[in-house]
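Read the figures in this text as sums done on the coordinates, not as results from a lab. Every value quoted in this text rests on a predicted model; they were computed, and no experiment measured them. Positions of Cβ are generated from backbone atoms using ideal geometry, with glycine treated the same way; all protein chains shown enter the neighbour counts.
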Amino acid sequence: MSGTKNGRSPRSVALVGPYGSGKSTLFEALLDAAGAPVKRPADPRNRPTTTEIRLGHCTYLDDPWSILDCPGSIEFAHQTCSALAMVDIAVVVCEPTPAKAAMVAPLLKTLRDEGVPHIIYINKIDTLEGSIADTLAALQSYTASPLVLRHMPIFDGEAVTGYVDLMSERAYRYRKGQASELMQIPEALLAEEQAALDRLVETLADRDDALLEKVLEDIKPTPDELYRDMRKDLCAGAVIEVLVGAAEHAAGVRRLWKALRHDTPDPAETAERRQIVPGGAPRAQVFKTVYAGHTGKLSYVRVWSGTVADGAQLGGTRLGGIYRYVNGEMAKVPDARQGDIVAFGRLDGVPTGATLSPGGQPEPLPFPHPAPPVYAMAVATTDRKDDVKLSGALHKLAEEDASLFITQEGETVLHGQGEMHLQTVVDHLARDYGLKLAVQKPAIAYKETIRKPVHEHGRLKRQTGGHGQFADVKIDIAPRERGEGFLFVDKVVGGAVPRNFIPSVGDAAEEATKKGPFGYPVVDISVTLVDGGFHSVDSSDMAFKTATQIAMKEGLAKADPVLLEPVDHVTISVPNDYTARAQRLLTGRRGQILGFAERSGWTGWDDVEALVPEAEMHDLIIELRSQTMGLGTYKKRFDHLAETRAVP
Ligand SMILES: Nc1nc2c(ncn2[C@@H]2O[C@H](COP(=O)(O)OP(=O)(O)OP(=O)(O)O)[C@@H](O)[C@H]2O)c(=O)[nH]1
Ligand SMILES: [Mg+2]
């Protein structure tokens, strides 16, 4: 453990977990317990959901800390993953209700896959019904890492009044806003306490032969031995420590601090875990970008090694300020050192995820990729004069948020992780850029084609004053196989249409496919010029174009036109309790189920594959989430165009 002038090196913790589990409440309680001023919402019971990472700094018993309060909603998961890639430890905040344990499953998988040490904090322990063992069993079914319960709640009637710390075998009574008070372990709890302690020791003994020997010889290990093993196993990602508490009542918050203080890896250990070679030039990595009013662009970074001073050359720009929270307010500081999480000012052109080093071009450190988008909305300015402003603002927003994608084909479409995600984008555009936007469902890229070959004659004969216009074309329009595209064939013999006019006929025929009888692009047809006529003076390219247009318009209408709709290949992933529901959801949306299989790498999850018309996809994610406790997700790709009678 590397000591520095301020006690230990700065360390960082991310608070993660399902939405509404109490992360923001805990964030405030942790800062509060550390004596740092903290802004609380006016009505804590009506706390707004967190939509972006909130950073806080404090010192707890001389150790400097950065705390990241992460969004719980799956729609902002990319931010949470970015935070997890930066911190020394994560605290998974969850609720004691066993039925809600599944909501933690994807997160526990990410933490295990990424090897981030983590503690589970079972919050809202005041709402526990039944036994903590049930909560633990439910959580355990979603992770392969063994859970080690450190605290047992003590009840007085219905209310939780304290806890037993299993390692020290001491009981404490909660006291609001103060350190808990030592008490006797209640008689009634002794047997249960002993069983839980035995489980704790056995789990740790699995990875410690000396401890195992003691267990076999019935020698009681000392708390210090247990503390040491817990830290080692937790840092190695081999066990998950489980604590209980009630953030809203400041219960179990100091206990959490103590566990964090003791068990959180030092920044050098985390750098090693992330395979960052020590020494060399200082390195920092951007994990969040915001454009914040008067401070301009702020890049939130973790310093992975060395010390970065204000004014350093980073990523081709001069660093314009290092900011951190001092007594609850953002303040400029001269430098940031290994383990610090701070905001860097005015790094223009430096994107989220970038690795920075003073002077040089460092090897880029890995950064999480956003999940593919699952929801889209078309936006348009209510005042056309704002169009340029909109595209500039969107460019910046996409730089802030890698999970936001923008397409501009005809209309401007935002693609993201859900309604709430895109709504925050629209709100942001209104608030910070003064852009009033109309929002609507994105248009479906319908196409059309024909089902019957036709022969058509187009003739232009106009006498206006002296010089007239004349052209005559006879064309065959025929359907082609799906995906074959447009083809123009020239079969004119004997100079019925002079060579030099033929390209104009081809061009006009292709031009006419841009808008068919239903108003959509016509695909997969061939147009063959078979015959025609001309006039030595009055014929021109223009005349042949017009004659072709006439023939195409009439011909397409007679050729049994049909609308084509895009159909996507969709893969829904759900916990297998919901597989049947996912299938019903797909068939209810004109989906054709292709099959289902186990989701690779995800125990207890299935992938359901289907072909689904794109017109049915718009709010699929909303219904899927509402039917699967927010757990279901999907990916899609364009598959084919299919004939449809559905009226767009
Ligand atoms: N009973 C009880 N309620 C709590 C406790 N901690 C938080 N809550 C309540 O749980 C609700 C959600 O709390 P938040 O702190 O906003 O939860 P969050 O995890 O930050 O939520 P998101 O940001 O939406 O992911 C609020 O109404 C809190 O008052 C607790 O210890 N006990
Ligand atoms: Mg929150």
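Numerical summary
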| item | result |
| --- | --- |
| Amide H within-cut-off set for residue 36, under 5 Å, with H built and near neighbours excluded | none |
| Gain upon complete extension [residue 216, residue 238; 0.36 nm per residue less C-alpha separation] | 5.7 nm |
| Rounded Å value of the spacing that divides the Cα centres of the range 243-264 and the range 450-514 | 79 |
| Total charge dipole magnitude, the chain, about the Cα centre, Cβ charges on Lys, Arg, Asp, Glu only, Debye to nearest 20 | 1940 |
| Relative pair counts by distance (%), Cα atoms of the range 448-559, 10 Å bins | 16, 49, 27, 8, 1 |
| Diffusion coefficient, µm² s⁻¹, Stokes-Einstein with Kirkwood Rh over alpha-carbon pairs of the range 379-440 at 37 °C and 0.692 mPa s | 283 |
| Vicinal HN-Hα couplings computed from phi for the range 37-47 (Karplus, 6.51 cos²θ - 1.76 cosθ + 1.60; Hz; Gly/Pro x) | x, 9, 7, 10, x, 4, 10, x, 6, 10, 5 |
| Under Karplus coefficients 6.51, -1.76 and 1.60, residue-wise ³J(HN,Hα) of the range 53-59 in Hz, glycine/proline x | 4, 10, 9, x, 10, 7, 10 |
| For the range 261-366: rounded, prolate or oblate by the Cα gyration tensor [a/c cutoff 1.5] | oblate |
| Two-site FRET efficiency, residue 467 against residue 389, from Cβ-Cβ distance with R₀ of 56 Å, rounded to 0.05 | 0.65 |
| Inter-probe distance in nm under a simple model that places probes 7 Å from Cα toward Cβ, at residue 178 and residue 594 | 6.5 |
| Modelled FRET efficiency - R0 25 Å, residue 587 with residue 441, Cβ distances, 0.05 increments | 0.70 |
| Across 176/258; 452/514; 124/220; 288/635, pairs whose alpha-carbon gap is larger than 28 Å | 124/220 |
| Helix-derived mean residue ellipticity, 222 nm - over the chain, DSSP H n ≥ 4, -39500 (n - 2.57), to 500 | -8000 deg cm²/dmol |
| Three principal axis lengths of the range 1-150 [C-alpha, angstrom, descending] | 45, 38, 30 |
| Sequence-distant residues sharing a close amide H with residue 251 (under 5 Å, placed H) | 246 |
| Separation in nanometres of the label points that stand 7 Å from Cα toward Cβ, at residue 141 and residue 538 | 8.5 |
| Summed residue charge, Cβ within 14 Å of residue 127's Cβ, Lys/Arg positive, Asp/Glu negative | -3 |
| In nm, spacing of pseudo-spin labels at residue 499 and residue 331 (7 Å Cα→C-beta vector) | 8.5 |
| Theoretical FRET efficiency, 1/(1+(r/R0)^6), r = Cβ-Cβ of residue 275 and residue 38, R0 30 Å, to 0.05 | 0.30 |
| Cα pair distances in the chain, grouped into 20 Å bins until the bin that holds the longest one, percent each | 16, 39, 26, 13, 5, 1 |
| The range 111-155 residues near the modelled residue 190 label - backbone nitrogen below 14 Å, point 7 Å along Cα→Cβ | none |
| Spatial separation of Cα centroids for the range 367-387 and the range 546-625, in angstrom | 22 |
